[in-house]
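Every read-out reported here was derived from the displayed coordinates using simple, explicitly stated rules and does not represent laboratory data. This is a predicted model, so every value here is computed, not measured. For neighbour counting, all protein chains shown are included, and Cβ atoms are generated from backbone atoms with ideal geometry for every residue, glycine included.
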């Protein structure tokens, strides 16, 4: 990195908003993917003009610039892989407006998901994307990755809940996309093009969000199964009836064993698969949905399906699964494949067979209502023979997913982690078209370069 | 147009799928905007390969190519303004798959909206976009314009109900966007970029649609008001409470007078504004929503709000408004502005004042729950003085809309009609970015050239 750009940055940003000491930069070198590549500098802009100024310098000097929320992504999307500058949006963290009459909010990208929810709750609203990192991940990061979570099965993903953006392209231009109405068709939909683009097209500096009224009440259901396949059939049956649950989470036996280890006595021994289901709405809606879902749960292999009056402990256990995995294996290969729900029996059965054939420890759970399963292969990176088996197993899992009309990532994104596998899902012509779009937004390829594309 | 391209087309398409006689081409020269510009030829492809072949020829010979569904648009989007070739997708009209278990359908672009609904209804589903032309407009056209209709207030617009596309770019490349799952984040969201791009980026040759379960029951409510302003306040109150109606249509007094003329005695004389409201869901949901909406209707100026047991005649009258307008004036200037619902009192009051000041006959109605009002200025094109007043009035209506954080088009699109006004809503930098995207998809500017941009 040329000294000129550093000196230009120093003249524009005070020392507490420009880190260059490697010790200070350390915390901006990684995310939840465990990749580690330190930036040469970290800049903390306070407004759109400062973002534009940094982008223009990077554009001029051809220096990589990696926008960053709170680094909670699991695919390496915010890791400064090629060095350069980390652009931390964490200090652009104001909620600019809450407008319940129009069901909208305007926020800066560094606002935390939970801060937003806390601001909305007293007004009777929420913003549906609910990744498990909600208390410490930023809304800007949620938008950059098109984040989702358990409630996506009913409420959709980040792109469904954003109306407009202000964003800075790779040339430093500030663009304004979308509108402040629930309908609008003037010009191209750049809003949803930028959402999910992992910081490779533009830096989001402001977002207009669509709000959803809080459900008046929620109900919980658990359904225990003797085996994975019968549970997968129940998932398909639940999703084929008209009452959409507000969450439909699947846990396989290995996931249940993790919980059993931490919470002895919480779960019965003969259960090999569990559904945790939430329904929401008015009291009468919840009653109707509960009845319909309990009926759909009744497939061969059901041990028991019942209303769960206090699901808090169970949800806490479900949320703790990802961290628990860190305890049982030095490394997990964490995938988040998705298939059409009717193909879940084939997917879950196939994963069991593959894990047995390759003798790879694995834990599978996730957002079954979207067909979105977190497949975790537990490995020791120092055991090269085991790593080889795991890689071969993963390769076959991907082939299986694609043969079932699935996608390699339901919500985590491509980042660095899934980059090599993109050509198996997206054909060469379409990748070329995406690269042309990238070129149009960022001609010098400075915004998060190398990410997303193979 | 060079003779070479015509001879190449003749060698590939039989005479019944290649029109060159001006008499045959006539029907492909216009849409519902009343613009008329005949193409030099009309081609009827049967599959993606044939679309690619036509696009490649047009790319090579720099000939304009205008994709076309059924020509029901109101903004001139499908009019072959620069001559060239009209690409009629009407014979690519197969429903390729209905998959109720996964709530998806795959269709060719020429399938009519109503044909799709008819295919889905026995399976318990519908596809939410419901323009009033549903019986004779194509799903491909619905996607190209990001169409909506009365039910968008609850169910959203076309972009919310599409999961993936096959499309042919301006170079003749076939791209595949999106996925066959309800969640997916691999690669850029080209799906929603192409939806609403009015055929300027790519020709949609196949679409994977997201289906919605049919509501189990619906209920109707009408609310009559003494004046527009009180009615506008009621709209805002209805949308500020948590039960979202499945339709919330507003009719001003001039719209009511049109219905009075056709259906004497149907509507009371002292009503100056009417809301037609639909709620849907299970019986208990409908009961709860009806009660909540009736409460919200109670603002100063209400004459009566009541459940309407048979709303069929009223909905038929509402649907007939656009055609009725054709009868009362030689020409209508038909706009579909949208503002945040809380600003509707200012918008509707302002339009009344402007119409009075400029002495322009006008009829206003539309999808009030989205703040989306169809403003119709009734004019005689042969009366140049009246036309001048109408243009000046329209100009001030647009200024008013933008001052209220609104958009110039909620659902009709830009096409030719709103092109000159785009720079008042979208800044120059953002328009330039959109043009770069257009350039990336269509480097020779052959796909619907001149549309959408100022």
Query raised in the report: For B:411, A:291, what's the fewest-to-most ordering of other Cβ within 10 Å of each Cβ?
Result: A:291, B:411
Query raised in the report: Relative to the longest principal Cα axis of chain A, at what angle does helix A:344-358 sit, 0 to 90 degrees, rounded to 10?
Result: 80
Requested in this report: Quickly work out the residue B:7-to-residue B:316 label distance, labels modelled 7 Å from Cα along the C-beta direction, and quote it in nm with one decimal.
Outcome: 5.8
Query raised in the report: In the stretch B:347-370, which residues have a backbone nitrogen under 19 Å from the label point lying 7 Å from residue B:266's Cα in the Cα-to-Cβ direction?
Result: B:363-368
Query raised in the report: How far is residue A:23 from the same spot in each other copy, in nm, shortest first, if each label point sits 7 Å from Cα toward Cβ?
Result: 9.0
Query raised in the report: Among A:176, A:357, A:343, A:91, which comes first, second and so on when ranked by fewest other beta-carbon atoms within 10 Å?
Result: A:357, A:91, A:176, A:343
Report task. Give the Kirkwood hydrodynamic radius (Å, one decimal) of the stretch B:1-135, defined as one over the mean of 1/r across all pairs of different Cα atoms. Result -> 16.1
Query raised in the report: What FRET efficiency would be calculated for the residue pair residue B:432, residue A:241, taking the C-beta separation as r and a Förster radius of 30 Å, to the nearest 0.05?
Result: 0.05
Query raised in the report: Roughly how many whole Å is it from the C-alpha centroid of the stretch B:385-445 to that of the stretch A:9-46?
Result: 41
Query raised in the report: For the stretch A:95-213, what is Rg from Cα atoms divided by 2.2 N^0.38 Å, rounded to two decimals?
Result: 0.98
**Report entry** Net length gained if the chain between residue B:17 and residue B:353 were fully extended (0.36 nm per residue, minus Cα distance)
**Finding:** 115.8 nm
Query raised in the report: Zone of residue A:46 (label point 7 Å along Cα→Cβ, backbone N under 17 Å): which residues in the stretch A:1-35?
Result: A:9-19
Query raised in the report: Using every alpha carbon pair in the protein assembly as shown, what percent of pairs falls into each 20 Å bin from 0 up to the bin containing the largest distance?
Result: 14, 46, 34, 6, 0
Query raised in the report: In whole angstrom, how far apart do the alpha carbon centroids of the stretch B:230-301 and the stretch B:335-376 sit?
Result: 16
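If r is the Cβ-Cβ distance from residue A:257 to residue A:396 and R0 is 25 Å, what FRET efficiency results, to the nearest 0.05?
Once rounded, the FRET efficiency stands at 0.60.
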**Report entry** Zone residues, the stretch B:201-218, relative to residue B:287, backbone N less than 16 Å from point 7 Å out along Cα-to-Cβ
**Finding:** B:216-218
Query raised in the report: Distance in nm between label sites at residue B:62 and residue A:444, each 7 Å beyond Cα in the beta-carbon direction?
Result: 3.3
Requested in this report: Name the shape class, rounded, prolate or oblate, that the alpha-carbon gyration tensor gives for the stretch B:86-153, where a ≥ b ≥ c are the square roots of its eigenvalues, rounded holds for a/c under 1.5, and otherwise prolate holds if a/b is larger than b/c and oblate otherwise.
Outcome: oblate
**Report entry** Within 10 Å of each Cβ in A:425-437, the average number of Cβ atoms from other chains
**Finding:** 6
Report task. Could you pull the copy-to-copy label distances for residue B:263, with points set 7 Å along Cα to Cβ, in nm to one decimal and sorted shortest first? Result -> 5.7
Query raised in the report: If one computes P(r) from the Cα atoms of chain B, what percent of pairs lie at distances over 41 Å?
Result: 19
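Helix-only estimate, please: 222 nm mean residue ellipticity of chain B, summing -39500 (n - 2.57) across DSSP H runs of length 4 or more and dividing by its residues, to the nearest 500. Numbers along the way, then the final one.
Working: 16 runs with 159 residues, N = 454.
Calculated at 222 nm, the ellipticity per residue is -10500 deg cm²/dmol.
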Requested in this report: List the distances, in nm and shortest first, from the label point of residue B:217 to the matching label points in every other copy, placing each point 7 Å from Cα along the Cα-to-Cβ direction.
Outcome: 2.0
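How would you rank B:421, B:125, going from fewest to most other Cβ atoms within 10 Å of each one's own Cβ?
The fewest-first ordering by Cβ neighbours comes to B:421, B:125.
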